[in-house]
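**Student:** Quick one: the structure is below, and I'll ask about it shortly.
The values are calculated or read from the model by the stated rules, or taken from the named source; none is laboratory data. Every value quoted in this text rests on a predicted model; they were computed, and no experiment measured them. Using ideal geometry, Cβ is built from the backbone for each residue, glycine included, and neighbour counts are taken over all protein chains shown. Heads up: the accessible areas ignore ligands, DNA and RNA and are worked out on the full protein's heavy atoms, side chains in. Shrake-Rupley method; radii C 1.70, N 1.55, O 1.52, S 1.80 Å.
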Amino acid sequence: MGSLSVAYPIDLHTHSLRSDGALSPGDLVRRAAARAVRVLSLADHDTLAGVAEAVAAGEVLGVRVIPASELNTESEWGDAHVLGYFIDPTDVVLEERLRWLRENRGRRIELMIAKLSQLGYPVSLQRVLEIAQGGALGRPHLAEALLEKGYVRSYDEAFDKILAKDSPAYVARVGLTPLEAVELVRTHAGVPSLAHPGTVVGLEALLPKMVAAGLAGIEAYYGEHSPEMTERCLALARTHHLVPTGGSDFHGRGEHGIDLGAVFVPPETIEMLDSRRTQA
Ligand SMILES: [Zn+2]
Ligand SMILES: [Zn+2]
């Protein structure tokens, strides 16, 4: 495929150094403008921190910047990443939640507290946070909370009987599930699309569940998709009434040899995505 920049004016999947990209949000938009990209979505992993800078640069250069974030998930479904479009970059509750998720320890402790509650040892997250005093959360804080509640006679007993690796309250894995990621985007008035579906294990089985949770799009246009994979995604989009989205997944280090705007995305995609927004 040729690389005439005018033919590819839209890129709905890019990253800046606010997550794991190489360029600042402003430089990313400047590069996009130089490549005639007219609509750009900054979708840094688990953060909205770069959006304001990108929007400001876009206003100067005539590039429409759609705020987004790409949420990573942890599950048996492989790499199921969820792009959340039109998220409000000033949504401090969401940013706080994303920050929380970035801190895997916090998420893990949250899950362990839920398990402890099911096991008959309820402790409050609030109290555990107080015990931690701003430190990185871990099982020692849970042990202290359990001791404080009188569920155990000693800190060691809390660890050995309740929090040990082979105990029922133990949680190793951390992160959102794909369904939780979709729900989080919807809760914050965003429009969720499944990123690079080729990395999902069991796509046909997972997709209906994600649709039921509020998924609105599927990334059909992607640099590493074969024509067959793109067709497969477009067929899934028709079946599940999803908007086919697309982008370069540009990180700025020449990964995959795909530059900004170099993946074809039909112009009507923007309106279709916009129509899938719901009132918050
Ligand atoms: Zn991804
Ligand atoms: Zn990405």
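**Student:** Give me the percent of Cα-Cα pairs in the stretch 104-187 that sit more than 18 Å apart, rounded to a whole number.
**Tutor:** Beyond 18 Å sits 42 percent of the P(r) for the stretch 104-187.
**Student:** May I ask you to list the lysines whose Cα is less than 29 Å away from that of Lys165, ignoring any residue fewer than eight positions away on the same chain?
**Tutor:** Cross-link targets: Lys115, Lys149.
**Student:** In degrees from 0 to 90, rounded to the nearest 10, what is the angle of the helix 227-240 Cα long axis to the longest principal axis of the chain?
**Tutor:** 70 degrees
**Student:** Express the accessible area of the stretch 104-187 per residue in Å², computed with a 1.4 Å probe while the remaining protein chains stay in the model.
**Tutor:** Computed with neighbouring chains in place, this is 54 Å² per residue.
**Student:** Using a 10 angstrom cutoff on alpha carbons, build the Gaussian network for the chain and name the most mobile of Gly223, Gly247, Gly84.
**Tutor:** The residue with the greatest mean-square fluctuation here is Gly223.
**Student:** Taking the 0 to 90 degree range and rounding to the nearest ten, how far is the long axis of helix 139-148 tilted relative to the main principal axis of the chain, both from C-alpha atoms?
**Tutor:** 40 degrees
**Student:** Hey, another quick one. Please express the Cα-Cα pair-distance distribution P(r) of the chain as a list of whole percents, one per 10 Å bin, running from 0 to the bin with the greatest distance.
**Tutor:** 7, 27, 29, 19, 12, 5, 1, 0
**Student:** Net charge around Ile109, counting only other residues with Cβ within less than 11 Å of its Cβ (Lys, Arg = +1; Asp, Glu = -1)?
**Tutor:** Combined, the nearby Lys, Arg, Asp and Glu give +3.
**Student:** Using alpha carbon centroids, what distance separates the stretch 203-280 and the stretch 77-123, in Å?
**Tutor:** 24 Å
**Student:** Rounded, prolate or oblate: which one fits the stretch 124-280, using the alpha carbon gyration tensor with axes a ≥ b ≥ c (rounded when a/c is under 1.5, else prolate when a/b beats b/c, else oblate)?
**Tutor:** Prolate.
**Student:** Probe radius 1.4 Å, ligands and nucleic acids ignored: give me the carbon and sulfur share of the accessible area of the chain as a rounded percent.
**Tutor:** Accessible surface attributable to carbon and sulfur in the chain totals 53 percent.
**Student:** How tilted is helix 92-102 with respect to the longest principal axis of the chain? Cα atoms for both, answer in degrees (0 to 90, nearest 10).
**Tutor:** 70 degrees
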